[in-house]
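What follows draws every value from the coordinates through simple rules; no lab data is involved. Bear in mind that the values here come from a model prediction, so they are computed numbers and not experimental data. Cβ placement follows ideal geometry from the backbone for every residue including glycine, while neighbour counts extend to all protein chains displayed.
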């Protein structure tokens, strides 16, 4: 459901609706933010998850952004630069 007009097209009175569930990461905000009391985001997992740490990564040189904390990545880059400059 991308916009409230879909509800209207089915003859449903929006004033009587207390909850709407929508599977959308971005599109629903433009249509529903102006009329919603609250938008609750839920991560249902799967391929569209924003939690990249839930996947098992193989053959990925670590540390790497966004999987690892930025501090760890910066430490790794600094160490690599020291090795390169002393070679």
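Each label was represented as a point 7 Å from its Cα along the Cα-to-Cβ direction; for residue 64 and residue 12 these points are 4.2 nm apart. Classify segment 1-56 as rounded, prolate or oblate, taking a ≥ b ≥ c as the square roots of the eigenvalues of its Cα gyration tensor: rounded when a/c is under 1.5, otherwise prolate if a/b is larger than b/c and oblate if not. Since a/c reaches 1.5 and a/b is larger than b/c, the shape of segment 1-56 is classed as prolate. Approximating the spin labels as points 7 Å out from Cα along Cα→Cβ, the residue 43-to-residue 71 distance works out to 2.0 nm.
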